Amino acid sequence: MAVLGSEAFPKPGKFAGMAALLLCGVAAYAILAATPQRGPAIERSYWIWNANDLDYAVADAGLILYQGNADADWHFHARGVSAYPLAGSGPVTLLFRLYKLGPPEDVAARYRSLKRRWASHGVAVAGLQIDYDSPSSRLPEYRRWLIRLRAQLAGEPVSVTSLVTYVFDAPQALERLAGVVDYLAMQLYAGYVPHDNIRSVVRFLRTSAISHRIGITLSPEFPPDAELCGRYCLGVSVFLNKDAPRP
């Protein structure tokens, strides 16, 4: 039988050291298990209604640039941010505010014209957003109008803003409308503060499979982005409301 050397069995001091290491490992695992693990950061973009708003947007974030509105007589009024060499931003979307649904051909032509104007300043426009407060009862008509607009803008991303009231007044019509655009921008604010029904709307969005973005303001009363942006959420868009406190 071979004789074991003196190091075949650890000395008493080594048992203590091994036990200490084991206990430390168990403790570290317990701490990690108890610590909430952060998921990927939720992407934010910003609605820009005037040039001053750019001072409050995070660098490299997506920008939704207000370009003007079409009034009830279907006259387009240029507003918002004029084309210039915009640097340090993420994807740029142009926004039109509509007070009636006129010929979609007019909207498409103006979008293409403005896209070329921004391109001449080195800014690549990546889509159009329509801001139109359709009555809930006329969402089917709005949907048909959007289908016509998409036909005029083949290959261009098109999104629309959405009112909270649609969720309660016409949820099925809202889901059908969502099916003809790239996403809905659900405006979860009433003025500057969160809408009273924000939780119900978030539950609807989490279960309806609608591609959407969450629209909030800078109000500290809004829940964290992760509580608002679920499985079908593409990110959070921030409205830099004029009532927001400025730093």
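For this structure, a couple of remarks:
- With Cα atoms defining each centre, the range 202-219 and the range 139-194 are spaced 12 Å apart in the structure.
- An ellipsoid equivalent to the range 166-247, defined through the eigenvalues of its Cα gyration tensor, has semi-axes of 23, 12, 12 Å when rounded to whole angstrom and sorted largest first.
- Compactness index (Cα Rg / 2.2 N^0.38 Å), the range 44-239: 0.98
- Applying the criteria of a DSSP loop state and at most 13 other Cβ atoms within 10 Å to the trypsin sites (Lys or Arg not before Pro) of the range 75-154 yields Lys100.
- Database remark: amide H of Thr93 closer than 5 angstrom to the amide H of Leu63, Ile64, Leu65, Ala126 (H placed geometrically; neighbours at sequence offset of 5 or more, or on other chains; Pro and chain starts carry no H).
- Per-residue Cβ neighbour rank within 10 angstrom, fewest leading, His212, His195: His195, His212
- 5 Å binning of all Cα-Cα separations within the range 124-166, expressed as whole percents from 0 upward: 6, 20, 30, 22, 14, 7, 2, 0
Since every read-out is calculated from the coordinates, none of them should be taken as a lab result. All of these numbers come straight from a predicted model, not from anything done at the bench. We place every Cβ from the backbone using ideal geometry, glycine too, and count neighbours over all the protein chains shown.
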